[in-house]
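Comments concern the structure below.
The values are calculated or read from the model by the stated rules, or taken from the named source; none is laboratory data. Computed from a predicted structure; not experimentally measured. Here the Cβ positions follow ideal geometry from the backbone for every residue, glycine too, while neighbour counts run over all protein chains shown. Quick note on the areas: whole protein, heavy atoms, side chains included, nothing else; ligands and nucleic acids left out. Shrake-Rupley method; radii C 1.70, N 1.55, O 1.52, S 1.80 Å.
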Amino acid sequence: MPDERLRILVVDDSALVRQVLCAIIDAQPDMQAVATAGDAAAARSRIAALAPDALTLDIQLPGMNGLDFLRELAGGPSLPVLIVATPTDAEAQVARQARALGACGVLPKPRLGVAQGLRDDGDAICQALRQAVQETRAARAAETARARPAAATARTDDGPAAGADRGPGPAAPPGRRAWRGERVIVAGASTGGTEALLQFLAQLPPHCPPVLVVQHMPAGFTRSFADRLDRHLPLRVGEARDGEPLRAGQALIAPGSHHLAVRRDEQGRLEAALLATPPVNRHRPSVDVLFDSAARLLGRRACGVLMTGMGRDGAAGLLALRRAGALTYAQDEASCVVFGMPREAIALGAAGRVLPLAQLGEALMQDLGDAGAAA
């Protein structure tokens, strides 16, 4: 059986840092440090010979620095790069440059006690690498799907094709009911969720109700995730901002540093709320926080979707939604990367329907159409 672990290349001029990062990566059941490199030339050779799934990259490298090497990599095949670098006085500027050159994220090395500090940040480093690889694979899959004739999405009923000029805002096409009654879709996912969310959101038409999403992801990665979704979907996708109005045809992604909730503004209109309150179920953002707010504020006008992920975040919130009269859905075991969160929700009786990922969005839209008169 082939080894399906993620293969990570560690690039750093410090032998100690290379050793510690390799130990952190090799301790994970789903990844391995396939090689190390102390400079850009060695890294270039390892990439050509080993074709790793992702790499960690330092900025301060001998010869060619990390940013120049990242610029070189940007001209080749897509390779997820996580910057793990010593903070400098120009840290913010370096981070902006790195992201502009395609880095999936930037994590600072501890200024003191580097080895222990990296070990303390090991979970965040590994989760960032997982997310980066998942996003890259999802983007490749979306590109492949769009290249197939069957994936040409020239919609005659549901609006413009993906990539078309989406104009100032979506309107219900002829023959379609405009969304009344403040319908809102709330969705949550964790491990495996980046690809699952791409597939789910791709099933929604450009005129769908507003969508709010919690994907467990470290701070600094959610904006690039939202940007990638926006490039590949007919919906408008962005990282949520506090006070941002909820609009049809738009999906908002919870930032990695804040909970996302629904609230009303002074005029009574629905908007996104960002909360810096403590983690819930060890997560911030937490799916339960989003689902609970939708259950309280919207009741049966909400639609809750819980997808692949480890743990139980979102299960109690989905139950609250169902008890409030909302439509609720859970991804089935066969299509989940990790059948944790949906399983917990199903065990609580929170899921009105349990469906494969490929059917979630279409079923939700069909159910919304059938329930439209009750809005």
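Largest first, how would MET31, MET310 line up by accessible area (1.4 Å probe)? Provide the component values of the computation, followed by the final result.
Numbers: MET31 0, MET310 120 Å².
Greatest to least solvent exposure: MET310, MET31.
Ordered by residue, what ³J(HN,Hα) values in Hz, to whole numbers, does segment 128-134 give under the Karplus form 6.51 cos²θ - 1.76 cosθ + 1.60, where θ = phi - 60° and Gly and Pro are x?
Taking θ as phi minus 60°, the curve returns 5, 5, 4, 4, 5, 5, 4 Hz for segment 128-134.
For ALA103, list long-range residues whose amide hydrogen, built 1.01 Å from N in the peptide plane, is under 5 Å from its own amide hydrogen.
none
By its C-alpha gyration tensor, with a ≥ b ≥ c as the square roots of the eigenvalues, how is segment 276-336 shaped: rounded for a/c under 1.5, else prolate for a/b larger than b/c, else oblate?
oblate
Can you grab the distance from the C-alpha centre of segment 42-83 to the C-alpha centre of segment 294-319, Å, no decimals?
Here the two parts' Cα centres lie 40 Å apart.
How far, in nm, would the chain grow between ALA27 and ARG323 when pulled straight, counting 0.36 nm per residue and subtracting the alpha carbon separation?
102.4 nm
Of all the accessible heavy-atom surface of segment 237-312, with the other protein chains kept in place and a 1.4 Å probe, what percent is carbon and sulfur?
Within segment 237-312, the accessible surface is 48 percent carbon and sulfur.
Which order do HIS232, HIS258 take by accessible area at a 1.4 Å probe, largest first? Intermediate values should be presented prior to the final figure.
On the way: HIS232 30, HIS258 55 Å².
Most to least solvent-accessible, the answer reads HIS258, HIS232.
Does segment 225-334 classify as rounded, prolate or oblate by the C-alpha gyration tensor (a ≥ b ≥ c root eigenvalues; a/c under 1.5 gives rounded; else a/b over b/c gives prolate, otherwise oblate)?
rounded
Sort the following peptides by mean Cβ neighbour count (other Cβ atoms within 10 Å, averaged over residues), highest first: 282-291, 21-30.
282-291, 21-30
If R₀ is 25 angstrom, what is the calculated FRET efficiency for the pair ASP120 and ASN65, using the beta carbon separation as r and rounding to 0.05?
It comes out at approximately 0.40.
Sort the following peptides by mean Cβ neighbour count (other Cβ atoms within 10 Å, averaged over residues), highest first: 241-249, 293-301, 37-45.
Top of the packing list down: 293-301, 37-45, 241-249.
Once R0 is set to 41 Å, what does the formula 1/(1 + (r/R0)^6) return for the Cβ-Cβ distance between GLU266 and ARG223, expressed as a FRET efficiency to the nearest 0.05?
With a Förster radius of 41 Å, E is 0.90.
Classify segment 1-80 as rounded, prolate or oblate from the Cα gyration tensor: take a ≥ b ≥ c as the square roots of its eigenvalues, call it rounded if a/c is under 1.5, otherwise prolate when a/b beats b/c and oblate if not.
oblate
Calculate, in nm to one decimal, what ARG296 and ASP242 gain on full extension: separation in residues at 0.36 nm each, minus their alpha carbon distance.
Length gained between ARG296 and ASP242: 17.6 nm.
Please list, in chain and number order, the residues 5+ apart from ALA272 or on another chain whose amide H is under 5 Å from its amide H, with Hs placed from the backbone.
GLY243, GLU244, LEU246
Could you rank the peptides 219-231, 321-333, 348-360 by their average count of other C-beta atoms within 10 Å per residue, with the highest value first?
Highest mean packing first, the order is 321-333, 219-231, 348-360.
Obtain the nm distance between the two label points defined at ALA358 and ALA42 by a simple spin-label model: each point lies 7 Å from its Cα along the Cα-to-C-beta direction.
4.6 nm
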